[in-house]
Amino acid sequence: MLSPALRFLGPRRQDYLPGLLDHYQPIARGMATLNEALGRSLNLSQDLGFKVLTAEIDILEAEADKIKRRIRNHLPAAFLMVVDKTLFLNYTSRQDNILDAVQEATTWLGLGHFAIPTPLAEAMTESVGEAARTVEMLRPALAGAIALLLRGKRERGEVKNQIHEIRLQHVKVVKAKRGFIAAAYAADLDFARVYQIIRFVEYVYRASHSAEGCADLLRAMMAR
């Protein structure tokens with residue numbers, strides 16, 4: 001139950017929590033755009049379409065930053081918040097880090113065509129797909145945590161299970177990354193190309209890691 005003070009403030013003073021879902025939207029679109037950009041790069045077509053995709057990610061990153069600033073600039077006093085303010089601010093930063101990692105991954109992607117063996121290209125695509133799945137799974141966990149914190153309309157155990165599934169998914173990303181790096185060093189490629197694709201996959205991994213970090217912070221908010 002909300003305190004009398006929080007009930008008096010009304011829902012508009014609590015829109016900082018639903019604002020996290022607004023912030024999530026450009027992040028999810030950015031992750032999907034990265035996957036499309038990778039497909040173009042692997043097909044050796046870093047043409048105007050590829051440049052449009054990278055520019056779109058930059059636009060999405062700016063949009064996410066704008067939403068983050070809006071949320072942070074309209075927070076109520078800490079003692080009136082239904083979650084710990086430090087945890088909330090850390091969450092916005094960690095969620096923002098997902099798109100920052102996507103942006104950096106795209107930068108490495110644009111340094112040259114990926115003329116690489118098919119098995120390595122498939123492993124690379126798998127790494128991005130697994131990381132995208134981690135980010136995708138964050139949304140229902142976030143929505144469930146918000147519903148629980150504001151209205152108690154979700155079962156705590158259900159949201160905890162969603163958070164746990166995100167952790168398990170990130171483990172898949174870690175395994176995919178390790179396998180990919182081993183395969184990259186074993187491939188008959190020059191060092192510059194190996195370094196480029198490993199840096200790309202490292203940032204893809206960071207996107208998933210940040211999504212997992214968001215899930216951990218949701219758990220901490222619920223435990224308050």
Q.
Distance between the C-alpha centers of the range 35-101 and the range 109-136? Whole Å please.
A. 20 Å
Q: Kindly write out, for the range 112-126 in residue order, the coupling ³J(HN,Hα) from the Karplus curve 6.51 cos²θ - 1.76 cosθ + 1.60 (θ = phi - 60°), rounded to whole Hz, with x marking Gly and Pro.
A: x, 5, 8, 7, 10, x, 4, x, 6, 4, 5, 5, 5, 5, 5
**Q.** Accessible surface, 1.4 Å probe, highest first, among residues THR86, THR33
**A.** THR86, THR33
Q) Under the rule of -39500 (n - 2.57) per DSSP H run of 4 or more residues, summed and divided by the residues of the chain, what mean residue ellipticity at 222 nm is obtained, to the nearest 500 deg cm²/dmol? A) -28500 deg cm²/dmol
(Q) Residue by residue through the range 18-27, what is 3J(HN,Hα) from phi via Karplus (6.51 cos²θ - 1.76 cosθ + 1.60, θ = phi - 60°)? Round to whole Hz and write x for glycine and proline. (A) x, x, 5, 6, 4, 5, 5, 4, x, 5
Q: May I ask which residue of VAL171, ALA141, ILE98 lies farthest towards the positive end of the charge dipole of the chain, with charges of +1 (Lys, Arg) and -1 (Asp, Glu) on Cβ and the Cα centre as origin?
A: ALA141
**Q.** Residue-count net charge about GLU56 - beta-carbon cut-off 12 Å; Lys, Arg +1, Asp, Glu -1
**A.** -2
(Q) If I compute solvent accessible area with a 1.4 Å probe over the protein chains, what percent of it on the chain is carbon and sulfur? (A) 53 percent
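First measure r as the distance between the Cβ atoms of ALA182 and PHE79, then evaluate 1/(1 + (r/R0)^6) with R0 = 35 Å and state the FRET efficiency to the nearest 0.05.
Step by step, r from the Cβ atoms, then E = 0.10.
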Q. Suppose R0 equals 30 Å; then what is the FRET efficiency for ARG151 and VAL174 from their Cβ-Cβ distance, rounded to the nearest 0.05?
A. 0.30
Q: Step through the residues of the range 81-98 one at a time and calculate ³J(HN,Hα) from phi using the Karplus curve (6.51 cos²θ - 1.76 cosθ + 1.60, θ = phi - 60°), rounding each to whole Hz and writing x for Gly and Pro.
A: 7, 7, 10, 4, 5, 5, 4, 5, 5, 5, 5, 4, 5, 5, 5, 5, 5, 4
Q. Got a sec? What order do TYR16, TYR203 fall in by accessible area at 1.4 Å, biggest, i.e. largest, first?
A. TYR203, TYR16
Q.
Per residue, how much accessible surface does the chain expose to a 1.4 Å probe? Answer in Å², no decimals.
A. 49 Å²
Q: With only Lys, Arg, Asp and Glu charged, each at its Cβ (+1 for the first two, -1 for the last two), find how big the charge dipole of the range 88-201 is about the Cα centre; round to the nearest 20 debye.
A: 600 debye
Q: With a point put 7 Å past each Cα toward its Cβ, work out how far LEU89 is from ALA115 in nm, to one decimal.
A: 5.1 nm
Q) In square angstrom, rounded to the nearest 10, how much accessible surface does PHE200 have for a 1.4 Å probe? A) 0 Å²
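Would you mind counting up the charge near ARG199? Only other residues with Cβ under 14 Å from its Cβ, with Lys and Arg at +1 and Asp and Glu at -1.
Once all neighbours under 14 Å are counted, the net charge is +1.
The values are calculated or read from the model by the stated rules, or taken from the named source; none is laboratory data. Everything numeric here is computed off the predicted structure, so don't read it as measured data. Positions of Cβ are backbone-derived with ideal geometry, glycine not excepted, and every protein chain shown enters the neighbour counts. Ligands, DNA and RNA are stripped out before the accessible areas are found, and what is left, the full protein with its side chains, is counted by its heavy atoms. Shrake-Rupley method; radii C 1.70, N 1.55, O 1.52, S 1.80 Å.
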